Each structure stands twice: as C-alpha cells, then as structure tokens.
Amino acid sequence: MFFGAILMMYALGLSLESPEGFAEAQEMLSEGFFARLIAWGMVSALLYHLLAGVKHLIMDFGHLEELESGRMAAKATLIAGGVAVLLAGVWVW
C-alpha cells in the first residue's frame, strides 16, 4: 500500500500540473501494466480492509463473538475478500 500510494500521489501531482500532465498521467494509468497492477493491489487491499472492518463492527455490537461463529465470520470475510479481489481485477483490467 505504501509504494502504491507513492505512485498514485505522483500521478495526482502530474495530473494537476497542466492539461499535458493530465494526459500523461491518464496514459500512464490506462496503458501501463505496472501501474494497473499497483492499482489492482491497492483497490484489493482497501476492499479487504473494508470487509474486515465491517466484520469487526458487527462483533463490536456483540454478534459473532463465540468461537465457532467467529471462525465462520472470518471464513466468510476471506471468501468475500477473494470475490472482491476478483471483481476489482475485472474492473481494473
């Protein structure tokens, strides 16, 4: 995430400099394999973090706190995260 954020901040700065910089940033993010891979990784990490955060919020309200239901919720989070990673890959590529 850290290195991906550096690339995204560079692209943001480049796009805000001038219309030519915006076109260059747009080309870099739309045609570059490495940039798409980093974008996919960042979106995937953020989606998984969101899903795990929702699970923890549900647990904070007193649900799924038992050992068996907690394991079930963790497995469901991993499966939903895997599906989210695949969908993010379809969206980015």
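Is there a residue being farther than 24 Å from residue 82 by Cα, in contact with a Gly (Cβ under 9 Å, 6 or more places away or on another chain) and part of a helix (DSSP H, G or I) anywhere in segment 36-43? Within segment 36-43, not a single residue is farther than 24 Å from residue 82 by Cα, in contact with a Gly (Cβ under 9 Å, 6 or more places away or on another chain) and part of a helix (DSSP H, G or I). Considering the conditions (1) under 21 Å from residue 91 (Cβ atoms); (2) at pLDDT 90 or above, residue 58 is excluded by exactly one of them, (1).
In segment 5-40, which residue that is in contact (Cβ under 8 Å) with a residue 40 or more places away in the chain and not aliphatic (A, V, I, L, M) is surrounded by the most Cβ atoms within 10 Å (Cβ to Cβ)? Spell out the reasoning first.
First, the residues of segment 5-40 that are in contact (Cβ under 8 Å) with a residue 40 or more places away in the chain: 36, 39-40.
From what's left, not aliphatic (A, V, I, L, M): 36, 40.
On the way: 36: 16, 40: 18.
Looking at residues that are in contact (Cβ under 8 Å) with a residue 40 or more places away in the chain and not aliphatic (A, V, I, L, M), I get 40.
State all residues of segment 47-86 that are without any contact (Cβ under 8 Å) to a residue 24 or more places away in the chain and closer than 30 Å to residue 32 by Cα; if no residue qualifies, say none.
Of everything in segment 47-86, those that are without any contact (Cβ under 8 Å) to a residue 24 or more places away in the chain and closer than 30 Å to residue 32 by Cα turn out to be 49, 50, 78, 79, 82, 83, 86.
The values are calculated or read from the model by the stated rules, or taken from the named source; none is laboratory data. Being a predicted model, the structure only gives us computed values, none of them experimental. Methodologically, a virtual Cβ is constructed for each residue, glycine included, from the backbone with ideal geometry; neighbour enumeration extends over all protein chains shown.
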